[in-house]
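In what follows, a structure is listed as structure tokens, so that the remarks can point back to it.
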Amino acid sequence: MSLLTTDDFVNFSLSAPEGSGGVRTLKINYMSQGETKSDTMDAISSVDIEGYDDEKKEQSFTVSDYNHDGIIDFIVYREFWFPDLDMAHPDVPKWPTIYEYDLEKGFVIASSDFRSYYEEYVKSVNVQLTSNKEPIDDIAGLALKRLKFAAEKVADGSFVPKSPYNGQYYEDVYELVKEITK
């Protein structure tokens, strides 16, 4: 693999066109063999990066190296629609996926290299599940418990997510958790 490094990274931007319901497109700009190139990723709910504003329609960032190793990574959240659960849109949980950018293959899932990130995600889901601020209905709670289980498996190294987003969910994550019913 030939991963995009901080030396060749120019920036990335997020845009949410009018009427998109906040669904964003991520566009990266980088240098390769002396010329500026770009690529996009669609269906982003949000990103985890300092300075990100969930309300802004257009944003640009010049840094995206979560673990400071010189390799560019993107932590994106997408809605996870479980095909076997009937959920209201506000209850649909968001799943974090960490990507690196291969100059030949494009975006590649690198989540299993960021176990500590998933440990933190588990903690945040525990807070959501136990908070008394807003009660969570049974279906929304089940969806969160499923994603918490998947995150625990990424964090302990027993699950390596590789499946691309199919427009509604990640198939390998769903296969891992679909048997969880309580």
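Here are the numbers:
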| quantity | calculated |
| --- | --- |
| Cα-based Rg of region 82-182 normalised by 2.2 N^0.38 Å, two decimals | 1.10 |
| 13 Å reach of a label modelled at S32, 7 Å along Cα-to-Cβ, counting backbone N of region 74-115 | 101-108 |
| Cα long-axis angle, helix 138-155 against the chain (0 to 90 degrees, to the nearest 10) | 50 |
| Where labels lie 7 Å past Cα in the beta-carbon direction, separation of T130 and D53 in nm | 3.5 |
| Crossing angle, helix 115-130 versus the chain [Cα axis fit, 0-90 degrees, rounded to tens] | 40 |
| Region 89-182: GluC sites (Glu not before Pro) falling in loop per DSSP and having at most 12 other Cβ within 10 Å | E104, E179 |
| Normalised contact order of region 58-170, rounded percent, pairs of Cα under 8 Å and 6 or more residues apart | 27 |
| Stokes-Einstein diffusion coefficient of the chain, Kirkwood radius over Cα pairs, 4 °C, 1.567 mPa s, in µm²/s | 75 |
| Reachable aspartates and glutamates, given that their alpha-carbon falls under 19 Å from the alpha-carbon of K178 and they are not under 8 places away in the same chain | E79, D84, D86, D91, D137, D138, E152 |
| The chain, helix-only ellipticity at 222 nm - DSSP H runs n ≥ 4, -39,500 (n - 2.57), divided by all residues, nearest 500 | -7000 deg cm²/dmol |
| Overall Cα dimensions of region 129-178 - principal axes, largest extent first, Å | 35, 27, 15 |
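No value in this document is a laboratory result; all are computed from the given coordinates. Values in this document were obtained by computation on a predicted structure and should not be read as measured data. Because the Cβ atoms are built from the backbone with ideal geometry, glycine has one as well, and the counts that use them run over all protein chains shown.
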